[in-house]
Amino acid sequence: MINIKSFNPTVRLTFITGLSLLLFTWALLMTTPLPVSAAGDAIQGTIWVADEFGNSLTVINANTNEVITTLTGIEGPHNIQVSPDGASVWAVSGHDSTAVLIDALTYELIGTVPTGEHPAHIILSPDGKTAYVTNSGDNTVTAIDVTSLTAVATIPVGEYPHGLRSSPDGRWIYVANTNGTTLSVIDTATNTRVADIEVGQRPVQVAFSPDGALVYVSLNAENAVAKVDVASQTLIDTIEVGVGPVQVFVTPDDSILLVANQGTEDNPSTTVSIIDTASFSVVNTIETGVGAHGVVVEPSGQYAYITNLYENSVSVLDLANQEVIASVQTGSGPNGISFSQLPASPALSIEIALVANTESSEPTADEHTEHHPETEVTPTPQPDTNADSGMGMGEIGGTDMMSMMDAMMGIEMSDEMRVQMEQMRGMMDTMMSGEMMPGMDMMSMMGQMSEILDAMMGIEMSDEMRVQMEQMRGMMDMMMSGEMMPGMVTTPDATSGMEMETEYSVDNLAPLALAYYEGGKVYFIHPEASDEGVAEILTNMMGTDVLVVPSLAEVPEELLSKVYVFTNGVEAMGPLGYQPDVFDSVPGDEAYTPLRSINLVTWQENAEARELTSIREILEAEENGEVIIEHPGVVVNMPILVWPNGQR
């Protein structure tokens, strides 16, 4: 039997620091109360909102209708779009003419791509391989290859393109040309405009019917919605709605079309029009919030979410009863909105700064107008509510932790270093405010900060930065030892009152881990392993105890699923420091079981290592002599909680 513990130590513990902090635990998430529809069905997921004048993105837990965190650092984000698998999120910066890609689970910046002038909306193709951005400033659409993060086409369209959507089969993209009267039709096979359809004055956004046969478009200047036949590319009908309609969205069962009526600068609207798609008639008008703008419906069709541009909120609409059941405060000027089916991922802080190549100035009213319909109004910027609370951390050696962090943020550093520093700064803000992260007390949070700091010490940095880091490490050691707790009471019960009222602790619950299945992403836990060495590796990796259960190895091979673990190759977040594991089955497959036999995959020296995301790719690589596969006889319990098109 091969003992994984005998592998090179550098292989065993290489891991992206901080992931386990951000992906706490499925069980912890499920302890919070869930919103229930009239039918009693609970939902889960994450709502993403683009706060254009707050220069931020608000992340909302759909289970609780509460804000998880606010991501800052994107200048003037007008629109936002979750990827089909929910694992990533795209936003556009109208201020910087860029598209920004974010990891939806870690809240970290993945990359940016230049677009045309003044990008307005962004969408993903149904297969998630291509992003499309409307550029209002130069009358084009940019096509972006998601894998390489490069622009692959610039497509001329009509005047001032704004909203756009893909047909369900991915064949067509319809673009609303707001300063004209047409929809431009893009053939995605060639990324060229193939038609322009006359629809009416100031089309703002489009929505396909689920079968792809019809397209609906809001006509902002006519207070109307038009219906277009996709096969003949002709206008069928037009009906009146509320004042200044903007975004439109069709429910998954094709029964209702929702229209957000934003209104005008002098007369903002507060409603959403409910259109019966069968009769194409308005059957209800619901009061939501001032300046109703963006709209999205979650996949089950129970709830719709509407951004209210002029009151900085999102309204939660129960579609069965057609009434607003909650209102969630957002950043300033919420515009675009998108929904992810993945469970909401906890965050290190109530505010997380993204590291992007953007300037720090606020967008002006002129810039706002350049990529909005003329009827929209500049929302009032809100004051920063996340400033230091002034709790008073005291001083150690003439400077305290907060001032030292602030000083270090002004030193030139790598993007990797800055991301880690922002995470520590966010945790320190949380502690100073007297709030604690779920399931953690003060000392637990300091322990997590210490781990981040240790990882940062291994990153290449300037001599000036290293001196500061060593001073901070010394301060952290003093605080952890109890010799000095600046600004805190040092009695034994000093931190007990800050603990969350929950029986769970991050120390004894299993965080989610990432793997692949047939090219898609899955998220799972691994609470038990048959081998002591494997259990130790997994414990070190995720920060929670993995139990040793030797009897798992006695389960007959034919009753086990398989997991492929890489021992070398592409460095990433896998258990041995390389690419994520690859599973052979997911819930719903006939062969699925959470008990998996480990198969170790090793790249040969003469092979070109690359990331493999399916069993087929692994077996092909083995057949070609690129990898060898070993079977150590170790079994791990690995229940899958989220998988492509499914979740528990």
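Quick one: which residue in G170, G137, G180, G158 is closer than 20 Å to G244 by Cα and either touching a Ser or Thr at 6+ places or on another chain (Cβ under 9 Å) or crowded, with 17+ Cβ neighbours inside 10 Å (or both)? I'd like the intermediate steps shown before the answer.
Numbers: G170 fails: closer than 20 Å to G244 by Cα; G137 fails: closer than 20 Å to G244 by Cα; G158 fails: closer than 20 Å to G244 by Cα.
The conditions single out G180.
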Subset of segment 623-643, residues assigned to a loop (DSSP other than H, G, I, E, B) and of a type in the set (S, T, N, Q), comes to N624
K521 passes all but one of the listed conditions (1) under 26 Å from G633 (Cα atoms); (2) of a type outside the set (S, T, Y); (3) modelled with pLDDT under 85; the exception is number (3)
Going through (1) buried (at least 16 other Cβ atoms within 10 Å of the Cβ); (2) modelled with pLDDT of 70 or more; (3) touching a Ser or Thr at 6+ places or on another chain (Cβ under 9 Å) one by one, A455 fails only at (1)
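For (1) open to solvent by 40 Å² or more (accessible area, probe 1.4 Å); (2) under 18 Å from W643 (Cα atoms); (3) touching a strand residue (DSSP E or B) at 6+ places or on another chain (Cβ under 8 Å), each residue gets a yes or a no:
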position	(1), (2), (3)
S561	no, yes, yes
Y564	no, yes, yes
G574	no, yes, yes
F583	no, yes, yes
D589	yes, yes, no
T593	no, yes, yes
I598	no, no, yes
T602	no, no, yes
Considering segment 283-294, residues that are over 18 Å from S56 (Cα atoms) and open to solvent by less than 10 Å² (accessible area, probe 1.4 Å), and then whichever is nearest to the chain's Cα centre (by Cα), we arrive at A292
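Would you pick out the residues in segment 128-170 that are of a type in the set (S, T, N, Q), in contact (Cβ under 8 Å) with a residue 40 or more places away in the chain and closer than 30 Å to P644 by Cα?
Taking segment 128-170 as the starting set, the residues that turn out to be of a type in the set (S, T, N, Q) are 130, 134-136, 139-140, 142, 147-148, 150, 154, 166-167.
Applying the additional criterion that residues be in contact (Cβ under 8 Å) with a residue 40 or more places away in the chain yields 130, 134, 136, 142, 166-167.
Residues satisfying the conditions are T130, T134, T142, S166, S167.
Kindly establish whether T106 is assigned to a strand (DSSP E or B), of a type in the set (S, T, Y) and touching a residue at least 12 places away in the same chain (Cβ under 8 Å). Even if it seems obvious, please write down each step before you answer.
Working: assigned to a strand (DSSP E or B): no; of a type in the set (S, T, Y): yes; touching a residue at least 12 places away in the same chain (Cβ under 8 Å): yes.
It is false that T106 is assigned to a strand (DSSP E or B), of a type in the set (S, T, Y) and touching a residue at least 12 places away in the same chain (Cβ under 8 Å).
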The correct count of residues that are under 17 Å from L514 (Cβ atoms) and of a type outside the set (G, A, S) in segment 541-563 is 5
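Can you confirm whether segment 55-62 contains a residue that is within 21 Å of V297 (Cβ to Cβ), open to solvent by 10 Å² or more (accessible area, probe 1.4 Å) and not hydroxyl-bearing (S, T, Y)? Full working, then the answer.
The initial filter retains those residues of segment 55-62 that are within 21 Å of V297 (Cβ to Cβ), namely 57-62.
Then drop every residue that is not open to solvent by 10 Å² or more (accessible area, probe 1.4 Å), which leaves 61.
Of the ones still in play, those that are also not hydroxyl-bearing (S, T, Y) are 61.
Checked against the condition, which is being within 21 Å of V297 (Cβ to Cβ), open to solvent by 10 Å² or more (accessible area, probe 1.4 Å) and not hydroxyl-bearing (S, T, Y), segment 55-62 yields at least one hit.
Residues S148, S88, S125, S97: which one is under 14 Å from the mean Cα position of the chain (by Cα), open to solvent by 10 Å² or more (accessible area, probe 1.4 Å) and under 23 Å from N191 (Cβ atoms)? Give the steps one after another, and end with the answer.
Numbers: S148 fails: under 14 Å from the mean Cα position of the chain (by Cα); S125 fails: under 14 Å from the mean Cα position of the chain (by Cα); S97 fails: under 14 Å from the mean Cα position of the chain (by Cα).
The unique qualifying residue is S88.
The values are calculated or read from the model by the stated rules, or taken from the named source; none is laboratory data. Just so we're clear, the structure is a prediction, and the values are computed from it rather than from any experiment. Methodologically, a virtual Cβ is constructed for each residue, glycine included, from the backbone with ideal geometry; neighbour enumeration extends over all protein chains shown. Ligands, DNA and RNA are excluded from the accessible area calculation, which covers all protein heavy atoms including side chains. Shrake-Rupley method; radii C 1.70, N 1.55, O 1.52, S 1.80 Å.
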